[in-house]
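Where a number appears in this text, it was derived from the coordinates with a stated rule and is not lab data. Treat the numbers as computed from the prediction; the structure is a model and nothing was measured. A quick note on method: Cβ atoms are made from the backbone with ideal geometry, for glycine too, and the neighbour counts reach across all protein chains shown.
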Amino acid sequence: MQRPDARTALACSAAALFLAAITGCGGTAQADTQKPTAPEGVTAQAGSATSVHVMWEQASDNKGIAGYEVYREGRKAGSVPAAKRMTDIDGLTASTAYTFTVRARDAAGNLSAPSAAVPVTTPAPTPDDAEPPTAPEKLRGKPVNGRTVTLAWGGSTDDVAVTSYDIYQEDSRIHSVPGTQLTARLTGLRPGTVYTFTVRARDAAERSSPDSGALDLTTPSAPGAPSGTAPTGLRTEAAIVGEESVIDLSWDQPDTGGTIPAYQLYLNGKPTTTIVWGGTPPTGRATYRLTATDPPGTRYSLKIRAKLPDGTWGDFSAQRTVVVTG
């Protein structure tokens, strides 16, 4: 039998090994106590008589941002994950002044200091606002650098007033500006990437206009980065062939230095089919016909990406939207 002091020594040795394993070979475990930086660039805009749209710029942290919390008069009014930097605060009172701040939160639960307080006043209710705004016109823009673009458009009209313009990237709203502003600066983009933007006008009754025309912008690639792999010039055309509704697609293939064996087609943001050529893959402009199975009047959003010679998937094309009518 082992003497008690031997058993004690073994137990202590085991405990020491366990502690070393969880603290990095005998080091002291360091808790994350550093707070994130306070979000900057906070804006608050009344989207209607009872809602406010709050946006801000990305904060930083030594370990990483886990989310953001929005406060109204110092009381928490909402929270979003780290990838999202905007939210709508609903349930407000018309013709009322509010103040909003935003705090960043890391994975350890540390909260940043509050951002600068931003005031906003909700407008009076407009029960007689019965018509949605007209669509914004002549959407245009240009890249500023690999991560920033600017947009501009012609103003919409409404039977009462346009309160805001919402900017969409593909089918997701990514930014909003007041109804008196006809420009937007979008940041946080990826270099060497094609983006498809549209704009909608919104009135105080939360009615949105139809989409503006789509605008494709490609951000410049980083110095020394390989050439882009996104298909370009994607066109879509809906038609009725016999008793079927079809969507004909055509596009210019990217120069990948080799044969492109397949394409992946995304429908409404989800992969729907892989296009594989039955014989020799085409050169130059490629085409594909998709059968539409949903009822007439359904809106489809489509984009494609190529399978590269090394077996990986390339960048997405610009997105196109089409409605199949009966």
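What the table below lists for this structure:
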{"read-out": "Segment 108-137 residues near the modelled Lys76 label - backbone nitrogen below 14 Å, point 7 Å along Cα→Cβ", "value": "108-112"}
{"read-out": "Under 5 Å, built H, 5+ apart or other chain: amide partners of Thr272", "value": "Leu265, Tyr266, Leu267"}
{"read-out": "Volume in Å³ per residue [convex hull over Cα atoms, computed for segment 30-152]", "value": "125"}
{"read-out": "Using a Förster distance of 51 Å, the FRET efficiency for Ser60-Thr280 (Cβ separation, nearest 0.05)", "value": "0.50"}
{"read-out": "Sparsely packed chymotrypsin sites (Phe, Trp or Tyr not before Pro) within segment 190-278, loop by DSSP, other Cβ within 10 Å at most 16", "value": "Trp277"}
{"read-out": "Per-q log10 I(q)/I(0), segment 76-126, q = 0.23, 0.30, 0.31 Å⁻¹ (Debye; single scatterer per alpha-carbon; no solvent)", "value": "-0.99, -1.31, -1.34"}
{"read-out": "Three-way shape call for segment 163-310 based on the alpha-carbon gyration tensor, with the a/c threshold at 1.5", "value": "oblate"}
{"read-out": "Whichever aspartates and glutamates have a C-alpha closer than 15 Å to that of Lys35, once near sequence neighbours (fewer than 8 apart) are set aside", "value": "Asp61, Glu69, Asp106"}
{"read-out": "Alpha-carbon Debye profile of segment 243-326, log10 I(q)/I(0) at 0.14, 0.22 Å⁻¹", "value": "-0.49, -1.08"}
{"read-out": "Using distinct alpha-carbon pairs, which all enter the 1/r mean, Kirkwood radius of segment 200-241 in Å", "value": "15.0"}
{"read-out": "Measure of compaction for segment 137-218 (Cα Rg per 2.2 N^0.38 Å)", "value": "1.06"}
{"read-out": "Under 16 Å from Lys138, Cα to Cα: aspartates and glutamates that are on another chain or at least 8 residues apart", "value": "Asp166, Asp211, Asp216"}
{"read-out": "From the coordinates shown, mean projected area of the Cα convex hull in nm² corresponds to which of [x] 16.0; [y] 27.9; [z] 18.1", "value": "[y]"}
{"read-out": "Positive-end extreme of charge dipole, the chain - chosen from Thr283, Pro223, Pro191 (charges on Cβ)", "value": "Pro223"}
{"read-out": "Selection from Thr99, Gly64, Val80, by position along the positive dipole direction of segment 43-121 (Cβ)", "value": "Gly64"}
